[in-house]
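Student: Okay, handing you the structure first.
The values are calculated or read from the model by the stated rules, or taken from the named source; none is laboratory data. Here the structure is a predicted model, which is why all the values come from computation and not from measurement. Methodologically, a virtual Cβ is constructed for each residue, glycine included, from the backbone with ideal geometry; neighbour enumeration extends over all protein chains shown.
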Amino acid sequence: MAKRLYIKELLSHDPKGQDVNVKGWVRTKRGNKNVAFIAVNDGSTIHNIQVVADPSAFDEELLKKVSTGAAVSITGSLVESKGSGQPVEIQAANIHVYGTADPETYPLQKKGHSLEFLREIAHLRPRTNTFGAVFRIRHAMAFAIHKFFNDKGFFYLHTPIITGSDAEGAGAMFRVTTLDAKNPPIKEGKVDFEEDFFGKETNLTVSGQLEGEMGALALGLIYTFGPTFRAENSNTARHLAEFWMIEPEMAFYELTDNMDLAEEMLKYLVTYALENCKDDLEFLNKMYETTLLEKLNSIVTSEFERLPYTRAVEILQESKQKFEFPVSWGTDLQSEHERYLVEKHFKKPVILFDYPKEIKAFYMKQNEDGKTVRAMDVLFPGIGEIIGGSQREEDHARLKNRIEEMGIAEDTLWWYLESRKFGTVPHAGFGLGFERLMLFVTGMANIRDVIPFPRTPQNAEF
Ligand code: 4AD
Ligand code: MG
């Protein structure tokens, strides 16, 4: 029995004419009466293996079934390729077809579909070169994140997906309920959530941070990495209703430590991609963004610019740039402002800090000026905000006041407040949007194209 090898291994194999077996999907078949060239891909790499078959040696009906999209197992001897496109090829001795793909109806029969069209066939698009590359890189980035934190002594903490509190107090949340939507129990004119599964109102989490802090205040260094959910109706190329977030939380860290870690992590991840995803990145660089590799390399060597929000507002106001949304102190920066700072003014990643407290979450540490909080956002070229974080308010009284001031239901946060009552310490953390990172690393333009099955308003087909 010939050994089954993955194409990634095959291509770097010494072609000694030994028998090998490859299993995968046919990308193309071309040739003539005398010879057939079958390009097979098995997902292990962007590259195909070329199979050469002599049509007279095979049943005509069998060879007909070997069409684009068909699943095959091919055995033959591995030889040096005579063609220029590949180092080795397989001379087919045996072909087995597992599953055919009717050329009349297989949607990927032809190349060159638009990304928009491919979104409508999200169940098949992983079989394209583009999405194969994106999803291999996605895996590599997830792995690198765990490696980065593990090597630094962080513990991966699993925070709940169903929560009774609202961590960000920003966008809307997705309710989790087993109540009958058509006929819910009513008490005093309102839906009675005491009758619900958990005996209270619950939602899908918008962030694992609050629970993550409880971990950091015991284990020292933790991170979460899981799905988060936001029901905001933002139909942009940078927002998903379901996205993955990485949230480290560190006891005894202050804002500068937090910035240092964020910068180190982003550089580590980009370096990891450059070193481990070379073939896929080169493909994307060629097909979509010709400055991708250059851009990735420049991040690794640049020193991120750090400046207070107040100074950023001045720069934006002094600029001659026409913005759709005017800038003034106290307003949230729009992505056009963030991108001006990063792409035009500083020409490198920027970390803004000390934002007005009114536009940030309740848990951020308040500065002495009474106006700003120890927030930080990391802004990236082409993306805008890639990371949001802060030093946390560790003072019980100040935190409680802020919760009251902002009209947040304190009964959902009593446990969070208690962490400031017993052994409180300065601590900080941040959240990296995994798909925003993926946008940057792959150079893809739309966030729907860096997650296998995107969830956006009006879209949960697959
Ligand atoms: O700035 P955000 O809302 O911060 C938090 O959730 C904090 N609890 C994080 C922390 O301090 N532990 O979100 C963090 C990041 C953003 O910078 C962005 O990259 C990403 O999450 N993000 C989204 N990504 C895709 N789609 C959305 N709708 C996103 N909203 C935020
Ligand atoms: Mg944010």
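Student: Whether any residue in segment 395-403 is touching a residue at least 24 places away in the same chain (Cβ under 8 Å), acidic (Asp, Glu) and within 16 Å of ligand 2 (Cβ to nearest atom) is what I want to check.
Tutor: Here is the first cut: in segment 395-403, the ones touching a residue at least 24 places away in the same chain (Cβ under 8 Å) are 395-396, 398-399, 402-403.
Next, from what is left, pick out any that are acidic (Asp, Glu): 395.
Still in the running and within 16 Å of ligand 2 (Cβ to nearest atom): none.
Looking for residues that are touching a residue at least 24 places away in the same chain (Cβ under 8 Å), acidic (Asp, Glu) and within 16 Å of ligand 2 (Cβ to nearest atom), one finds none in segment 395-403, hence no.
Student: For segment 408-436, which positions are among the β-branched types (Val, Ile, Thr) and either part of a helix (DSSP H, G or I) or modelled with pLDDT of 95 or more (or both)? Give the derivation first.
Tutor: Of all residues in segment 408-436, those among the β-branched types (Val, Ile, Thr) come to 408, 412, 424-425.
Within segment 408-436, Thr412, Thr424, Val425 meet the criteria.
Student: Something else about it: Can you confirm whether segment 228-235 contains a residue that is away from ligand 2 (no atom under 16 Å from the Cβ) and over 22 Å from the mean Cα position of the chain (by Cα)?
Tutor: No; the residues of segment 228-235 include none that is away from ligand 2 (no atom under 16 Å from the Cβ) and over 22 Å from the mean Cα position of the chain (by Cα).
Student: Using the structure shown, decide if Ile161 is among the aliphatic types (A, V, I, L, M) and within 16 Å of ligand 1 (Cβ to nearest atom).
Tutor: Working: among the aliphatic types (A, V, I, L, M): yes; within 16 Å of ligand 1 (Cβ to nearest atom): yes.
Yes: the conditions hold for Ile161.
Student: Hey, does segment 386-397 have a residue that's over 30 Å from Leu341 (Cα atoms), more than 12 Å from ligand 1 (Cβ to nearest atom), part of a loop (DSSP other than H, G, I, E, B) and in contact with a strand residue (DSSP E or B) (Cβ under 8 Å, 6 or more places away or on another chain)? Write out each step before concluding.
Tutor: Filtering segment 386-397 for residues over 30 Å from Leu341 (Cα atoms) gives 394-397.
Okay, now just the ones that are also more than 12 Å from ligand 1 (Cβ to nearest atom), so 394-397.
This time we only want the ones that are part of a loop (DSSP other than H, G, I, E, B), so: 394-395.
Then drop every residue that is not in contact with a strand residue (DSSP E or B) (Cβ under 8 Å, 6 or more places away or on another chain), which leaves 394.
Yes, the conditions are met somewhere in segment 386-397.
Student: Shifting gears a bit: I'd like the residue in segment 295-305 that is not small (Gly, Ala, Ser) and not in a strand (DSSP E or B) and, out of all such residues, is nearest to Phe346 (Cα to Cα). Steps first, answer last, please.
Tutor: Start the filter on segment 295-305 by keeping residues that are not small (Gly, Ala, Ser), which leaves 295-297, 299-301, 303-305.
Filter once more, keeping what is not in a strand (DSSP E or B): 295-297, 299-301, 303-304.
Details: Lys295: 14, Leu296: 16, Asn297: 17, Ile299: 13, Val300: 16, Thr301: 15, Glu303: 11, Phe304: 9 Å.
The qualifying residue nearest to Phe346 (Cα to Cα) is Phe304.
Student: Select from segment 306-328 the residues that are out of contact with any strand residue (DSSP E or B) (no Cβ under 9 Å at 6 or more places or on another chain) and not in a loop (DSSP other than H, G, I, E, B) and write down the one among them that is surrounded by the fewest Cβ atoms within 10 Å (Cβ to Cβ).
Tutor: Residues of segment 306-328 that are out of contact with any strand residue (DSSP E or B) (no Cβ under 9 Å at 6 or more places or on another chain), as a first pass: 313-314, 316-328.
Going one step further and asking which of them are not in a loop (DSSP other than H, G, I, E, B), we end up with 313-314, 316-318.
Working: Val313: 19, Glu314: 14, Leu316: 20, Gln317: 13, Glu318: 9.
The extreme case among them is Glu318.
Student: Does segment 444-453 contain any residue that is touching a residue at least 60 places away in the same chain (Cβ under 8 Å), of a type in the set (Asp, Glu) and within 16 Å of ligand 2 (Cβ to nearest atom)? Talk me through it step by step, then tell me what you get.
Tutor: In the first step, residues of segment 444-453 are kept if they are touching a residue at least 60 places away in the same chain (Cβ under 8 Å); the result is 444-453.
Imposing the further condition that a residue be of a type in the set (Asp, Glu) reduces the set to 449.
Cutting the leftovers down to within 16 Å of ligand 2 (Cβ to nearest atom) gives us none.
Within segment 444-453, none of the residues are touching a residue at least 60 places away in the same chain (Cβ under 8 Å), of a type in the set (Asp, Glu) and within 16 Å of ligand 2 (Cβ to nearest atom).
Student: Consider Glu435 against the criteria (1) within 16 Å of ligand 2 (Cβ to nearest atom); (2) farther than 22 Å from Phe135 by Cα: it satisfies all of them except one. Which criterion is unmet?
Tutor: That leaves (2) as the condition not met.
Student: Within the group Met259, Met265, Met245, which residue is more than 20 Å from the chain's Cα centre (by Cα) and either surrounded by 14 or more Cβ atoms within 10 Å (Cβ to Cβ) or modelled with pLDDT under 95 (or both)? Steps first, please.
Tutor: Values: Met265 fails: more than 20 Å from the chain's Cα centre (by Cα); Met245 fails: more than 20 Å from the chain's Cα centre (by Cα).
When all the criteria are applied, what remains is Met259.
Student: Oh, and also: Looking at (1) over 30 Å from Val134 (Cα atoms); (2) modelled with pLDDT under 95; (3) not in a strand (DSSP E or B), which is the one condition that is false for Val79?
Tutor: It is condition (3) that Val79 fails.
Student: Turning to a different aspect of this structure: Being over 24 Å from the mean Cα position of the chain (by Cα) and closer than 25 Å to Glu393 by Cβ is the filter here, so list the residues in segment 158-183 that pass it.
Tutor: Gly164, Ser165
Student: Further, regarding this structure: Are there any pairs, at least 6 apart or on different chains, whose C-beta atoms fall under 7 Å, with the first in segment 201-216 and within 16 Å of ligand 2 (Cβ to nearest atom) and the second part of a helix (DSSP H, G or I), and if so, which?
Tutor: Leu210/Tyr416
Student: Among all residue pairs at least 6 apart or on different chains, which show Cβ distances below 7 Å where the first residue, located in segment 95-124, is farther than 23 Å from Ser73 by Cβ and the second is assigned to a helix (DSSP H, G or I)?
Tutor: Leu115/Asp449; Leu118/Arg125; Arg119/Arg448
Student: Then there's this: Please go through segment 165-184 and pick out each residue that is more than 16 Å from ligand 1 (Cβ to nearest atom) and either assigned to a helix (DSSP H, G or I) or surrounded by 12 or more Cβ atoms within 10 Å (Cβ to Cβ) (or both). Step through it out loud before you land on a result.
Tutor: Filtering segment 165-184 for residues more than 16 Å from ligand 1 (Cβ to nearest atom) gives 175-184.
Passing the criteria: Arg175, Val176, Thr177, Leu179, Pro184.
Student: So which residues in segment 185-206 are surrounded by 15 or more Cβ atoms within 10 Å (Cβ to Cβ) and assigned to a loop (DSSP other than H, G, I, E, B), if there are any at all?
Tutor: Selection gives Asp196, Glu201, Thr205, Val206.
Student: With Lys344, Lys371, Lys360 as the choices, which residue is within 26 Å of the chain's Cα centre (by Cα) and more than 16 Å from ligand 1 (Cβ to nearest atom)?
Tutor: Sole residue among the options that is within 26 Å of the chain's Cα centre (by Cα) and more than 16 Å from ligand 1 (Cβ to nearest atom): Lys344.
Student: Now for a separate question. List every residue pair whose Cβ atoms lie under 7 Å apart, where the two residues are 6 or more positions apart in sequence or sit on different chains, the first residue falls within segment 126-143 and is of a type in the set (Lys, Arg), and the second residue, located anywhere, is surrounded by fewer than 21 Cβ atoms within 10 Å (Cβ to Cβ).
Tutor: Here the result reads Arg127/Trp25; Arg127/Leu108, each pair linking segment 126-143 to a residue that is surrounded by fewer than 21 Cβ atoms within 10 Å (Cβ to Cβ).
Student: Of the conditions (1) out of contact with any Asp or Glu (no Cβ under 7 Å at 6 or more places or on another chain); (2) at pLDDT 95 or above; (3) closer than 25 Å to Gly370 by Cα, Gly330 fails just one. Which one is it?
Tutor: Of (1) out of contact with any Asp or Glu (no Cβ under 7 Å at 6 or more places or on another chain); (2) at pLDDT 95 or above; (3) closer than 25 Å to Gly370 by Cα, only one is false for Gly330: (1).
Student: Only one of Ser84, Ser165 is free of Cβ contacts under 8 Å to residues at least 12 places away in the same chain and small (Gly, Ala, Ser). Can you tell me which? It would help to see each step written out before you state the result.
Tutor: Working: Ser165 fails: free of Cβ contacts under 8 Å to residues at least 12 places away in the same chain.
Answer to the selection: Ser84.
Student: Considering each residue of segment 366-383, count those that are more than 30 Å from Gly443 (Cα to Cα) and within 16 Å of ligand 2 (Cβ to nearest atom), and give that number.
Tutor: Within segment 366-383, the first condition is being more than 30 Å from Gly443 (Cα to Cα), and the residues that meet it are 366-374.
With the extra rule that they be within 16 Å of ligand 2 (Cβ to nearest atom), the set shrinks to 372-374.
Residues meeting the conditions: 3.
Student: Give just the number: which of (1) in contact with a helix residue (DSSP H, G or I) (Cβ under 8 Å, 6 or more places away or on another chain); (2) surrounded by fewer than 18 Cβ atoms within 10 Å (Cβ to Cβ) does His139 not satisfy?
Tutor: Among (1) in contact with a helix residue (DSSP H, G or I) (Cβ under 8 Å, 6 or more places away or on another chain); (2) surrounded by fewer than 18 Cβ atoms within 10 Å (Cβ to Cβ), His139 violates only (1).
Student: Kindly indicate whether any position in segment 437-450 is over 25 Å from Arg339 (Cβ atoms) and modelled with pLDDT of 95 or more. It would help to see each step written out before you state the result.
Tutor: At the first step, the residues of segment 437-450 found to be over 25 Å from Arg339 (Cβ atoms) are none.
No - not one qualifying residue is present in segment 437-450.
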